[in-house]
Amino acid sequence: MSQSHVLIVGSVALDSVQTPSGKAERALGGAATYSSVAASFFAPVRIVGVVGEDFPAEHLAFLKSRGIDTEGLQIVRGGKTFHWAGTYEGDMNQANTLATELNVFSDFRPELPESYKSSEFVFLANIDPELQLKVLDQVTNAKLTAMDTMNFWIAGKPDKLREVMSRVDVVFINDAELRQLTGEANLVRAAAQVRALGPSYVIVKKGEHGAVMYCTPPAPPHCTPPVPPLCKGGKEASAPFDEGGKGVSTSFGEGGIGGLCFAAASYPLEEVIDPTGAGDTFAGGFMGYIASTGELTHDNLRRAVVYGSTLASFNVQDFSLNRLKRLTKAEIAERYEEFKRIVFFEETDAR
Ligand code: AMP
């Protein structure tokens, strides 16, 4: 495994969640938590966030047990941890938020430890876009930057959110949020609007309907190689990401068909116990896999989408991070292969 680190900023939370399968009270949650644990299956992770004194020591011990560097996780004396409460009824893709208590996140000013600043892979998980920008301002060596968000910030800080989007390489967003942000019902057109802000890739998560990746042609002239144009992280894409042209897919034209570069199925689960954190787990798996390979080619990004889907499909099989806690690399490898079988189809004879 390469030693490239994934730097992740976002919420670290105690979640109260109710689903048709039951409920969890003040269980470990938060966007940075899910994505860090998912990424840690592939690469070393550095987490940036804040918790209160009420954050149970066992949760901290769990993050450390996954090899996650917690130097950037501040603990505020006398403070209360971010708390989110939500329910899912019927549509398991859509949480109904009952409470969002920012608590220690209200006054949080992220200061990256010196050792974090040179991280090559940076994921701005769901949190106040102003905090995402502050983290982005401090990284010096990023080769791939990505961000995620949710309806709360789309409604509350849309301009800051667009600014973050204009400064990253990859935007993760779910279908409902993409429509909310752009006011556009058609996802192809909505994704094009976000791509026009600047990110090379827009990855739309569609819950039980899988995920699709849109990409932007053509590369800016200063970027090498011309595909893909990953230049925003502070460095121009260069040879290490495209050794021998390996992985630059020829299976679609510039920018894909209608801008669509890849569509991944979702894993057919008969029962979803708790969808919380599926999107964060998806993004964490994606970033961790990319960091472990260091290869920024279309083909590798496609694999990363499938790894993200794989991790997310496990996460929804139990409350909180309970399924990820007992997940093994062998299970990940097996389900990745199943994903491959699901979408395989032969050339047609009918012409
Ligand atoms: P997801 O299901 O992927 O949308 O993410 C769920 C996680 O996001 C939960 O664990 C929550 O703690 C966290 N969360 C909920 N609301 C917010 C918010 N406004 N900002 C940051 N994180 C949030």
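The values are calculated or read from the model by the stated rules, or taken from the named source; none is laboratory data. A quick note: this is a predicted structure, and the numbers were derived from the prediction, not measured. All Cβ positions, glycine included, derive from the backbone under ideal geometry; neighbour counts span all protein chains shown. For accessibility, only protein heavy atoms count, side chains too; no ligands or nucleic acids. Shrake-Rupley method; radii C 1.70, N 1.55, O 1.52, S 1.80 Å.
For the range 77-82, in order, what is each residue's ³J(HN,Hα) by Karplus, 6.51 cos²θ - 1.76 cosθ + 1.60 with θ = phi - 60°, in whole Hz (x at glycine and Pro)?
Calculated HN-Hα couplings, in order: 4, x, x, 10, 5, 3 Hz.
Place the peptides 41-47, 290-296 in order of packing, highest mean first, counting for every residue the other Cβ atoms within 10 Å and averaging per peptide. Could you put the intermediate results ahead of the total?
Working: 41-47: 24.6, 290-296: 22.7.
Answer by packing, highest mean first, reads 41-47, 290-296.
Using a 1.4 Å probe, what is the accessible area per residue for the range 159-206, in Å²?
36
Pick from 61, 191, 312: which is most flexible by mean-square fluctuation in a GNM of the chain where alpha carbon atoms under 10 Å apart are linked?
It is 61.
To check you understand DSSP bridge types, tell me what percent of the beta bridges within the chain (both residues inside) are antiparallel, rounded to 5.
Bridges in the chain that DSSP calls antiparallel: roughly 40 percent.
First check a/c for the range 73-167, with a ≥ b ≥ c the square roots of the eigenvalues of its C-alpha gyration tensor; if it is under 1.5, answer rounded, and if not, answer prolate when a/b is larger than b/c or oblate otherwise.
It comes out oblate by the Cα gyration axes.
Express the carbon and sulfur contribution to the solvent-accessible surface of the chain as a percent, rounded to the nearest whole number, probe 1.4 angstrom.
About 51 percent, which is the carbon plus sulfur part of the accessible surface.
Under the Karplus relation 6.51 cos²θ - 1.76 cosθ + 1.60, θ = phi - 60°, what is the ordered set of whole-Hz ³J(HN,Hα) values for the range 121-136, x standing for Gly and Pro?
10, 10, 10, 8, 6, 4, 5, 3, x, 5, 6, 4, 5, 5, 5, 4
Quick check on packing: order 162-171, 67-76, 117-126, 192-201 by the mean number of other C-beta atoms within 10 Å, highest mean leading. Write down the numbers at each step before the final one.
On the way: 162-171: 21.8, 67-76: 17.8, 117-126: 25.3, 192-201: 19.6.
The densest-packed peptide leads the list: 117-126, 162-171, 192-201, 67-76.
Using alpha carbon centroids, what distance separates the range 259-307 and the range 54-83, in Å?
First find each Cα centre; the distance between them is then 26 Å.
To the nearest 0.05, how large is the calculated FRET efficiency for residue 341 and residue 94 if R₀ is 22 Å and r is the Cβ-Cβ distance?
Here the calculated transfer efficiency is 0.15.
Output the antiparallel fraction of DSSP beta bridges having both residues in the range 8-123, as a percent to the nearest 5.
Expressed as a percentage, antiparallel bridges in the range 8-123 total about 40.
If we sort 31-38, 318-325 on the protection proxy, mean other Cβ atoms within 10 Å, highest first, what's the order?
Highest mean packing first, the order is 31-38, 318-325.
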